[in-house]
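In what follows, a structure is listed as structure tokens, so that the remarks can point back to it.
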Amino acid sequence: RVAGCLHVTKETAVLIETIAAAGAELSWSGCNPLSTQDDVAAWLAQQG
């Protein structure tokens, strides 16, 4: 299990996808709504 709180960017999305592909159960949140890339957040939400 991995929990994280980082800026939601395309780089963070790659990190999240890599950790998930390794088999981890993830819980993630953005740390700053002003730096959140909405399209990336929507894509991550769609991925589950």
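None of the figures in this text is laboratory data; all of them are computed from the coordinates on show. Model, not experiment: these values are computed from the prediction. Note that each Cβ is placed from the backbone with ideal geometry, even for glycine, and that neighbours are counted across all protein chains shown.
Go through 8-16, 21-29 and give me the packing order, highest mean Cβ count within 10 Å leading.
Top of the packing list down: 8-16, 21-29.
Compute the angle between helix 10-21 and the longest alpha-carbon principal axis of the chain, please, reported from 0 to 90 degrees and rounded to the nearest 10.
20
Counting only C-alpha contacts under 8 Å and six or more residues apart, can you give the relative contact order of the chain as a whole percent?
Values: 49 pairs, mean separation 24.2, N = 48.
Relative contact order, the chain: 50 percent.
Only helical DSSP H runs with n ≥ 4 go in: add -39500 (n - 2.57) per run for the chain, normalise by residue count and round the 222 nm mean residue ellipticity to 500 deg cm²/dmol. Please list the in-between numbers first.
On the way: 2 runs with 22 residues, N = 48.
Value at 222 nm, helices only: -14000 deg cm²/dmol.
With everything on Cα atoms, drop me the angle between helix 38-47 and the longest principal axis of the chain, reported from 0 to 90° to the nearest 10.
Tilt relative to the chain: about 30 degrees.
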